[in-house]
Structure formats: C-alpha cells, structure tokens
Amino acid sequence: MKVDLFDFHLPEELIAQTPLVDRTSSRLMVLDKNTGALTHDVFKNLKEYLKTGDCIVLNDTRVLPARLLGEKEGTGAKIEVLLLKQQKGDVWETLVKPAKRIKEGTKIVFGNGLLTAVCTGSSEHGGRTLEFQYEGIFYEVLEQLGEMPLPPYIKEQLEDRERYQTVFARERGSAAAPTAGLHFTEELLEEIKEMGVHVAFITLHVGLGTFRPVSVEDINEHDMHAEFYQVTEGTANLLNKVRADGGRIITVGTTSTRTIETIASKHNGQFKEASGWTDIFIYPGYEFKGIDGMITNFHLPKSTLIMLVSALAGRENVLHAYQEAVKQEYRFFSFGDAMLII
C-alpha cells in the first residue's frame, strides 16, 4: 500500500498555532465508521454521543519539558537537544540539532554548567545517546532549564506550558502530548462519569515515532519506533467488564488506541495487566480487537496517524471527512479540533 494514498491538501492557515481559551470549545466532527456520515458539533457536547456503560480510555502520560538549549564545549556552538527516552540512569536517547556537530565524546553545556551531557553514541535521523551530569534531582533541573517540545509546525510561543498537558497528566515521560486528550476538562470528565460512562487510564510515553516521518513509498516498509506502555490490573479488569456487559470501548487518541490494541492482540481480545514496549503499526487491513471507537485530532498528510484512523473508519471515509474539515475550516494538529469515530 502506497503512502501517497493518504495524502491530502492542507492550507497552512488551518494549522492551529495556539490552544483555545476553553478546552471544550473546540469543534467536534463525528464520523460514522460504517456509513461515512458526518455530523458537526462542539466538543463540550461529546457526552451526547456516549451511552451508559461505555468506557473512554485516556493516556495519563505527562510531557517532560524535554527541549534543552545548550552550547558545545570549546566552540560555544548552539545545540538543541530533545529528550526522547530514558535508557538507564542518566543515559537518554535524544534528538540533536545540528547533529553533525555532536560526535561521541562531545560535551554539551546547559544553563552555565547547571547541567552537562556527553555523547556516548549515535543513530540515524539526528539521534544521539547522551549521558547527563548535574547536582541534585534531574527532573527539578529539567523543570528549571527545559522548554516544552512543541511540534515544529507550531511557530507561536506557549505562554502557559500546562496547556500542552492534559488535565489528567500524571506519569511523566513523554516527548509530546497525547493531544486528543487536551480537549477534556475535569468538569467534562465528571459529567461523563455521572451519566454512567466509565473512565479508564493507560500510560504510553510518546517518543521518537511522533517526530519521525514516513520516508518510504510503501507503508509495509516503514518501521515504527518502540514506545513504553503500561496498563494496570484495575484498568484491565474494567475493560473486560465493559466488554462483557456490552459497552463500547472508546479510546482517546492514537496513543491509547495503540496501547489497547497491543494488549488485546496479545490476549485474544481480552485485557491483562501489562507493561513493555510496543511498535504496533496500524493501517488499513488491520482488524481491531480491543476498541469500538476513538476520539482523535486531525493529523498530518501521509502520517502513520492518519493511516491508523483510516484503518478504523476506512480510507475513503476518512479522506472525505478531511476534505470536509478543510472546506469547513476546522483547526488541524496538536491544538486543533477533534473527531469522534463511532
């Protein structure tokens, strides 16, 4: 299957640069995955499409202020580092720009020496393994020196870094936000619970895969980068009960979807307590084993994310919905509007 099959025209002005003041005031497109029928609404009305006994699944990962600006020791050259994955102790997998300046043994200095790093290895696409040195607690130093790693298509500065966190974020470790969850407020979640809809949490720390473009022509040749996930016994038991009682499992975001499908694929459609690394790649032809619907944002052309959405709702239905979103001037990507697929 060719990557070009998932291309579409997106005017640059539709890329949302800032979050809305009210998280729930974003628009909501509802897509019937069976018929392709579309409904236009606003996110605060999400509960109108949920039923008692359903369960929404949220990713409670918390984004690290993982963008560090430093200097190469000896030359003073400006170096940008993005933390992606903690390997062990103070050793991290990172993306470095400009990567050509950083070779094994190179030292980078941040915050006038408050934090330093030595390169211990390299990989493709600007990947570098860095070992950090500091006084005190690493995450406190990171909070002091780091910036939120906003995607490259967002040019505006974020005044409140919490707006790139979900209101339920608690397990720190992501290099990017699970952006479909940004639309929820604590009040909306309470309203959803009060109508008898279950709320479950999983954790998937978003890593390199978010920043890695599909560089092959045939999607079968694309390798997904592994990301860490965790599902508790409580969440697994809840999902099994929802399924047994005939409720729908609706994931919030592609990260929750990939986590749930990873578990369900390993256990014949059942859910178990588990943690590990997943590189599951979902595209048309995939048979879903864990979810019945999903809430997601509008994604980049030719991305693995639009391929996943197309696997659930059908490529033609999704591309038609995206054409309508462009026509109706929906806001796209991380701070953009939402789609509910049921």
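The values are calculated or read from the model by the stated rules, or taken from the named source; none is laboratory data. Nothing here was measured: the structure is a model prediction, and the numbers come from that model. Note that each Cβ is placed from the backbone with ideal geometry, even for glycine, and that neighbours are counted across all protein chains shown. Just the protein is used for accessible areas: all its heavy atoms, side chains included, with ligands, DNA and RNA removed. Shrake-Rupley method; radii C 1.70, N 1.55, O 1.52, S 1.80 Å.
Summary table below
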| quantity | calculated |
| --- | --- |
| Those strands (runs of 3 or more DSSP E) lying entirely in segment 246-300 with at least 2 residues touching an Asp or Glu at 6+ places or on another chain (Cβ under 8 Å) and touching a residue at least 40 places away in the same chain (Cβ under 8 Å) | 249-252, 274-278 |
| Residue match in segment 68-87 (condition: open to solvent by 10 Å² or more (accessible area, probe 1.4 Å) and among the hydroxyl-bearing types (Ser, Thr, Tyr)) | yes |
| Tally, over segment 267-276, of residues that are open to solvent by less than 20 Å² (accessible area, probe 1.4 Å) and under 16 Å from residue 232 (Cα atoms) | 2 |
| Residue match in segment 78-88 (condition: among the hydrophobic types (A, V, I, L, M, F, W, C) and assigned by the TED database to the domain that holds residue 291) | no |
| Within segment 110-151, tally of residues that are β-branched (Val, Ile, Thr), in a strand (DSSP E or B) and open to solvent by less than 40 Å² (accessible area, probe 1.4 Å) | 2 |
| Residue 24 over 14 Å from residue 339 (Cβ atoms) and modelled with pLDDT of 95 or more | yes |
| Evaluation of residue 36 against (1) of a type outside the set (Ser, Thr, Tyr); (2) out of contact with any helix residue (DSSP H, G or I) (no Cβ under 7 Å at 6 or more places or on another chain); (3) on the phi > 0 side of the Ramachandran plot (one fails), failing number | (2) |
| All positions within segment 88-101 that are open to solvent by less than 40 Å² (accessible area, probe 1.4 Å) and of a type outside the set (D, E, K, R) | 91, 92, 94, 95, 96, 99 |
| Residue 104 being outside the structural domain of residue 337 (by the TED database), part of a helix (DSSP H, G or I) and open to solvent by 60 Å² or more (accessible area, probe 1.4 Å) | no |
| Qualifying residues in segment 22-67 (those that are more than 21 Å from the chain's Cα centre (by Cα) and of a type in the set (Val, Ile, Thr)) - the one surrounded by the most Cβ atoms within 10 Å (Cβ to Cβ) | 42 |
| Those residues of segment 65-114 which are closer than 26 Å to residue 227 by Cβ, modelled with pLDDT of 95 or more and among the charged types (D, E, K, R), in sequence order | 80, 90, 104 |
| Some residue of segment 192-204 being of a type in the set (D, E, K, R), in the same structural domain as residue 259 (by the TED database) and under 12 Å from the mean Cα position of the chain (by Cα) | no |
| Selection status of residue 234, in the same structural domain as residue 294 (by the TED database), part of a helix (DSSP H, G or I), at pLDDT below 90 and open to solvent by 10 Å² or more (accessible area, probe 1.4 Å) | no |
| Complete set of residues in segment 27-52 that are more than 12 Å from residue 341 (Cβ to Cβ) and in contact with a strand residue (DSSP E or B) (Cβ under 9 Å, 6 or more places away or on another chain) | 27, 40, 41, 42, 43, 44, 45, 46, 48, 50 |
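Residue-by-condition table, conditions (1) open to solvent by 10 Å² or more (accessible area, probe 1.4 Å); (2) of a type in the set (A, V, I, L, M):
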| position | (1), (2) |
| --- | --- |
| 221 | yes, no |
| 265 | yes, no |
| 278 | no, no |
| 287 | yes, no |
| 296 | no, no |
| 304 | yes, no |
| 318 | no, yes |
